[in-house]
Structure formats: structure tokens, C-alpha cells
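The values are calculated or read from the model by the stated rules, or taken from the named source; none is laboratory data. The structure displayed is predicted, hence computed values, not measured ones. Positions of Cβ are generated from backbone atoms using ideal geometry, with glycine treated the same way; all protein chains shown enter the neighbour counts. What goes into the accessible areas is simple: the full protein's heavy atoms, side chains included, and nothing from ligands, DNA or RNA. Shrake-Rupley method; radii C 1.70, N 1.55, O 1.52, S 1.80 Å.
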Amino acid sequence: MVTPPAGVMVWRTKMGSVEHDIGWIWRRKEIENYLLDVEVLSAALRWSADKRARYEAVLQAAFERLSGCTAGRMALTICAPRKRRLETSLPLGLEEANLRGQLLERASNYNDEATIDSVRLGETFDRLLPRCKPGGDLFQRAAERFAGKDLLASLQQLPGISSIDKRLKSRASIEDAVIEGMDRAGPAVIDWLPEWRSLHDAVAAWSPPTA
């Protein structure tokens, strides 16, 4: 399992031909990506090395289960009209052939109100699928790039998750446990993830630009 990049991401905006730094943004796709991180859960829930290893194995299985769904979601996002927000969620665990059928059906339905090129959608899905599968570059960054809400749902459907920690079956229980663990850790919590330390140091070093 590849650890997500440690560096903080700068939030930039372009005004005319000039780019301006206006702050920082979280690197991972959704807050659930942090809640389910191995390092975060191990520290917050005070897991043993054995429990941590078992969780890593289930997390890897969840990533593999989400490969096709993630490729489909990404393809829908890329091919959606720029000025219209479209729903990109897909049923979890579908076979590739069924996923393709779902995508084409979604494109057909959307074309009543918006234009989606179904051929381009299929080609984009085919291009992204191997990248989202084990060995692909996007799979290597699954902890960062795969949708955290899908990851949580997939984890909760896998056998053995309750035997690792019953709190993993409930988002509310995970949130409460992580918050409690963060409170217990105090200032040291920023060292749970290198990204958090990087963000802390970037904010601490910031000073307003001189006129």
C-alpha cells in the first residue's frame, strides 16, 4: 500500500495571466479518506500491530473492489458538461461489463437535458480502468484519490470488518473515536500524518505579502 504524498497542496487561483496563492487545500478527495487512514485509525483507536495489519488487508480489498466503480465515476466527471453538475455515484461491486452498461444508460438519460458523448464516455472509462486497478498509478494513490464515502461503504460490506473493530461499522462511531483520539493526543496529533505536519508548518511560516 502506497502512502499518500506528504506535502501540503497550495490553493492557487488565476487572475488574468497571473497566478496567486490564496491558501491551502486538503490533498485527499473527501474527509472520509482521512477518517479511514491506517495511521489515523491506529493512533486514534490505539490498535495493536496485529489489528493494524488486519485492517490494512481489508482496506486493500476495499480498494480493489472499488477499482471499476472509481474508473466509472472519474469518466462521468470528465465527460460531464462543464456548466451542469451531474450525479457520478455508481453501485459498488459491479462487474466491468455491468459498469459499462450503467455508464451508457446514465449518458442516455442525461442526454434528455444535457449532452454527454457516450462514445467518449466509454473510451474514457476504458482508459481509466487499468489505471484504477491494482498496479495502476491511480490505484497506487487510492487512499488519496478514491472517493472516501465509497471506501467507507465498501469496507462496511466486507467480511471480517467487525472482528477488527466494531466501530468501523458505523460512521458516527468512527468519527467519535477519531475525535476522542485527537483530543487525547493534543498538539502531537499533527504528527499522525506527514501532510498534517506539512500544513501546520506552512501555516505557521506564512506571513502577509508586503504592499
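Is there a residue being crowded, with 16+ Cβ neighbours inside 10 Å, in contact with a Phe, Trp or Tyr (Cβ under 9 Å, 6 or more places away or on another chain), part of a loop (DSSP other than H, G, I, E, B) and not polar (S, T, N, Q) anywhere in region 93-113?
No.
Sort out which residues of region 35-67 are in contact (Cβ under 8 Å) with a residue 60 or more places away in the chain, over 14 Å from LEU151 (Cβ atoms) and open to solvent by less than 40 Å² (accessible area, probe 1.4 Å), and write them in order of number.
Across region 35-67, the qualifying residues are ALA43, ALA44, LEU45, TRP47.
What number of residues within region 2-23 satisfy the criterion of being surrounded by fewer than 16 Cβ atoms within 10 Å (Cβ to Cβ), in a loop (DSSP other than H, G, I, E, B) and either in contact with a strand residue (DSSP E or B) (Cβ under 8 Å, 6 or more places away or on another chain) or on the phi > 0 side of the Ramachandran plot (or both)?
Of the residues in region 2-23, 1 are surrounded by fewer than 16 Cβ atoms within 10 Å (Cβ to Cβ), in a loop (DSSP other than H, G, I, E, B) and either in contact with a strand residue (DSSP E or B) (Cβ under 8 Å, 6 or more places away or on another chain) or on the phi > 0 side of the Ramachandran plot (or both).
Condition first: part of a loop (DSSP other than H, G, I, E, B) and in contact with a strand residue (DSSP E or B) (Cβ under 7 Å, 6 or more places away or on another chain). Now tell me which residues in region 24-34 satisfy that.
Selection gives ARG27 alone.
SER89 versus (1) within 23 Å of THR124 (Cβ to Cβ); (2) modelled with pLDDT of 85 or more: which is the lone unmet condition?
All conditions pass for SER89, except number (2).
Residues in region 128-142: is at least one under 26 Å from LYS166 (Cα atoms), within 14 Å of the chain's Cα centre (by Cα) and at pLDDT 90 or above?
Looking through region 128-142, at least one residue is under 26 Å from LYS166 (Cα atoms), within 14 Å of the chain's Cα centre (by Cα) and at pLDDT 90 or above.
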